[in-house]
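Please find one structure pasted underneath; my questions will follow.
The values are calculated or read from the model by the stated rules, or taken from the named source; none is laboratory data. In this text, all values refer to a predicted model and were calculated from it rather than measured experimentally. All Cβ positions, even for glycine, are placed from backbone atoms using ideal geometry, and neighbour counts span all protein chains on display. Only protein heavy atoms, including side chains, enter the accessible area calculation; ligands, DNA and RNA are left aside. Shrake-Rupley method; radii C 1.70, N 1.55, O 1.52, S 1.80 Å.
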Amino acid sequence: MCYRPYACRDGWVTLGALEPKFWAAFCAGVGRPDLTERQFEPPGSATHAEVEAIFAARTGAEWASFAAEHDCCLEPVLELEEALESELVRAREMVIAFEQPGAGRVEGLGFPVKLSATPGAVRRAAPALGEHTDEVLREAGYGDDEIAALHEQGAVAGPPAPVPQGSFLG
């Protein structure tokens, strides 16, 4: 109950008050010190229902203000766009831009592990659909005639045909 997401009036927040000091700070902050000793009661319990009601009574913005004042490990649950635009994601360079043939400049997820001696980097674009099909099939033991037959049957994909300039796809 002290370590889970909760619905609030206009969205979701998550409480990570696993350590007793954080749970105690939460309970004191919401004016419910009587809940302190009930930290590990299971979901579905009467105490859990009380905590759900406490969260449901406030908005996400109200919980953000609460979290700024009380050290209880409470954070909003962000929508994908909000998460990708967050200060933490920007600071950790978790969204990176790179050139993708056929698509131009695109954004993708950065490297989650940051190592100072061996930093990660995008060294090449992602392969096009079917770009390595023949190579993989050869490594799997298929001969050129077998690979050609698979292509003719439509069982495998090769590199996509270029899109003509001026078409609705280009």
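Run the accessible area of the chain with a 1.4 Å probe and give the carbon-and-sulfur part as a rounded percent.
Carbon and sulfur: 57 percent of the exposed surface of the chain.
Calculate how steeply helix 20-29 sits against the longest principal axis of the alpha-carbon atoms of the chain, using the helix alpha-carbon long axis, and give the answer as 0 to 90 degrees to the nearest 10.
That helix lies at roughly 60 degrees to the long axis.
For the charge dipole of region 52-117, defined by +1 on Lys and Arg C-beta atoms and -1 on Asp and Glu C-beta atoms about the Cα centroid, which residue among Ala117, Met94, Trp63 has the Cα displaced farthest towards the positive pole?
Sorting the options by dipole projection puts first Ala117.
So what's the back-of-envelope 222 nm ellipticity for the chain, counting only DSSP H runs of four-plus at -39500 (n - 2.57) apiece and dividing by all residues, rounded to 500?
-9500 deg cm²/dmol
Helix 60-69 versus the longest principal axis of the chain: what angle, 0 to 90°, nearest 10, using Cα atoms?
Approximately 60 degrees, to the nearest ten.
Between Ala125 and Leu80, with labels modelled 7 Å along Cα→Cβ, what's the label distance in nm to one decimal, could you check?
Inter-label distance under the simple model: 2.2 nm.
Can I ask one more? Roughly how many whole Å is it from the C-alpha centroid of region 4-34 to that of region 85-142?
Value for the Cα centre distance between the two parts: 38 Å.
I've got another one for you. Rounded to the nearest whole Å², what accessible area per residue is found for the chain with the 1.4 Å probe?
69 Å²
First check a/c for the chain, with a ≥ b ≥ c the square roots of the eigenvalues of its C-alpha gyration tensor; if it is under 1.5, answer rounded, and if not, answer prolate when a/b is larger than b/c or oblate otherwise.
prolate
A further question on this structure: Within the chain, what's the longest stretch lacking trypsin sites (Lys or Arg not before Pro) that sit in DSSP loops with no more than 15 other Cβ atoms inside 10 Å?
10-91
Relative contact order for the chain: what percent, with Cα pairs under 8 Å and sequence separation of 6 or more?
Relative contact order of the chain: 16 percent.
Set the Förster radius R0 to 22 Å, insert the Cβ-Cβ distance between Glu62 and Ala91 as r into 1/(1 + (r/R0)^6), and round the FRET efficiency to 0.05.
0.30
If you take every residue apart from Leu137 with its C-beta less than 10 Å away from the C-beta of Leu137, what net charge results, scoring Lys and Arg +1 and Asp and Glu -1?
Here the count lands on -4.
Right, next: Once you charge only the Cβ atoms, +1 for Lys and Arg and -1 for Asp and Glu, what is the size of the charge dipole of region 58-142 about its Cα centre, to the nearest 20 debye?
With only Lys, Arg, Asp and Glu charged at Cβ, the dipole is about 400 debye.
Just Gly158, Gly120, Gly11 to compare: in a GNM of the chain, with alpha carbon springs under 10 Å, which one fluctuates most?
Gly158
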